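Read through the structure below, which is laid out as structure tokens, and then see the notes.
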Amino acid sequence: MLPSHETLIRMTESFKALLLEQQPDGPEATIRTLSLDDLPAGAVLLQVHYSGLNYKDGMILRGQGNLVREYPHVPGIDLAGTVLESADPRFAPGDSVVLTGHRVGEIHWGGYAERARVRADWLIPKPTGYSTRQAMAAGTAGFTAMLAIEALEDHGLRPDAGEILVTGASGGVGSIAVCLLARLGYAVTAVTGRPENGEYLHRLGATQILPRSELAQTPPKPLLGERWAGCVDTVGGDMLAHVLAGMAYGRSVAACGLAGGAQLRTTVLPFLLRGVNLLGIDSVLCPTERRRAAWERLATLLPGDDLDAITAEIGLDDLPYFAGQILAGQIRGRTVVRLDPEDARTA
Ligand SMILES: NC(=O)c1ccc[n+]([C@@H]2O[C@H](COP(=O)([O-])OP(=O)(O)OC[C@H]3O[C@@H](n4cnc5c(N)ncnc54)[C@H](OP(=O)(O)O)[C@@H]3O)[C@@H](O)[C@H]2O)c1
């Protein structure tokens, strides 16, 4: 069958994308004009309004972690936009949708392009009350913070339990975890390596600020005083080992990240003598029902206006610089990437 007139127009439609190409000393990012037939196969064609900048995006842009297998590649692990075409009955043109994880931006082309073609299974409806920009201000970071808190709750955490630690607190996952825990009524201790962010963290709801240096090394003993009732850890490495040694009896740590390192040098004593739980958090392959429910709860607890207050906006051109900044631990809160907002073509 011949393609329809509309399909023919669409196939020649051009759009901007950040393309990573492999060079001898690592991937190089350039802004390119692509056409729709450059996009991979998929049931749903999207106009991408916003993407985001996560730690993993920084790794991909800098060629770290062997996350991308084939070049040329369009990175961007998050995207939010409008359905233009759908061969899947679950989505129709005009629907507002969000995609995070599913290895999009890693082994599949991602959100750093004005158009994306993706599998319908990867999409969820835009959460109630968020604009596409606000959905990306939350992004993988907000979704992961919500999953981490739900894992702690599933293991018995309640607001009267005591002090809850958030490590890497001024980063994306950390900032949103502090906000959410404070709104749920927890006493939050925020760990940061940047004392200048103390006022910011108090505004988000932290009751105490702890300098990173106090937890940065492996603990002096396998067990310390039982201080923490729970922890959302985005740092990993020696800080996670230190936190485990200071957990109260039967309490849990939600391990989300590795901003401070992937190696975990610890003993089994916190697990054996204190019944401490180390809970793994994975946002990438989280099943759809849980994903939708967590996003809706996130949007209820953290209204879009509050997300706006911790969010900066950049364009595709800015990404190579900001990739270095996020890997160096220099980004505060969240960063959205503007692609092709609904009003951009008429503006
Ligand atoms: N499991 C999942 O599904 C999942 C999902 C999202 C993210 N993650 C992971 O979670 C981590 C945080 O992601 P993000 O997007 O929130 O990144 P981010 O915005 O860069 O936040 C990381 C924060 O960690 C702290 N930090 C940075 N380098 C450090 C170091 N060497 N030692 C100790 N603390 C350090 C900094 O906070 P302070 O300056 O306040 O100390 C920094 O802002 C990353 O490792 C990411 O890969 C995992």
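The number of residues in the range 287-313 being open to solvent by 10 Å² or more (accessible area, probe 1.4 Å) and of a type outside the set (D, E, K, R) comes to 11.
Can residue 85 be described as open to solvent by 40 Å² or more (accessible area, probe 1.4 Å) and not in a loop (DSSP other than H, G, I, E, B)?
Considered against the rule, which asks whether it is open to solvent by 40 Å² or more (accessible area, probe 1.4 Å) and not in a loop (DSSP other than H, G, I, E, B), residue 85 comes out as yes.
Within the set 80, 116, 43, 120, the sole residue that is hydrophobic (A, V, I, L, M, F, W, C), under 27 Å from residue 321 (Cβ atoms) and touching a residue at least 60 places away in the same chain (Cβ under 8 Å) turns out to be 116.
Residues in the range 145-162 include none that are within 24 Å of residue 311 (Cβ to Cβ) and in contact with a Phe, Trp or Tyr (Cβ under 6 Å, 6 or more places away or on another chain). Residues in the range 103-123 that are among the aliphatic types (A, V, I, L, M) and open to solvent by 10 Å² or more (accessible area, probe 1.4 Å): 1 in all. The set of residues in the range 186-200 that are near the ligand (Cβ under 8 Å from one of its atoms) and part of a helix (DSSP H, G or I) contains only 197.
Let's see how each residue does on (1) in contact with a helix residue (DSSP H, G or I) (Cβ under 6 Å, 6 or more places away or on another chain); (2) under 17 Å from residue 254 (Cα atoms); (3) within 14 Å of the ligand (Cβ to nearest atom); (4) open to solvent by less than 10 Å² (accessible area, probe 1.4 Å):
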residue	(1), (2), (3), (4)
161	no, yes, no, no
183	yes, no, no, no
210	no, no, yes, no
214	no, no, yes, no
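For the range 48-82, the candidate set comprises residues that are open to solvent by less than 10 Å² (accessible area, probe 1.4 Å) and more than 12 Å from the chain's Cα centre (by Cα); within that set, the residue that is nearest to the ligand (Cβ to nearest atom) is 60.
Taking the range 222-238 as the range and being more than 14 Å from residue 279 (Cβ to Cβ), open to solvent by 10 Å² or more (accessible area, probe 1.4 Å) and near the ligand (Cβ under 9 Å from one of its atoms) as the test, the residues that pass are 235, 238.
Select from the range 317-347 the residues that are open to solvent by less than 10 Å² (accessible area, probe 1.4 Å) and over 25 Å from residue 148 (Cα atoms) and list them in ascending order.
Within the range 317-347, the subset open to solvent by less than 10 Å² (accessible area, probe 1.4 Å) is 319, 323, 333-337, 340.
319, 340, listed by residue number.
The values are calculated or read from the model by the stated rules, or taken from the named source; none is laboratory data. If you're wondering where the values come from, they're calculated on a predicted model, not measured in any experiment. With ideal geometry, Cβ positions are generated from the backbone for all residues, glycine too; neighbour counts draw on all protein chains shown. We work out accessible area using only protein heavy atoms, side chains counted, and drop any ligands, DNA or RNA first. Shrake-Rupley method; radii C 1.70, N 1.55, O 1.52, S 1.80 Å.
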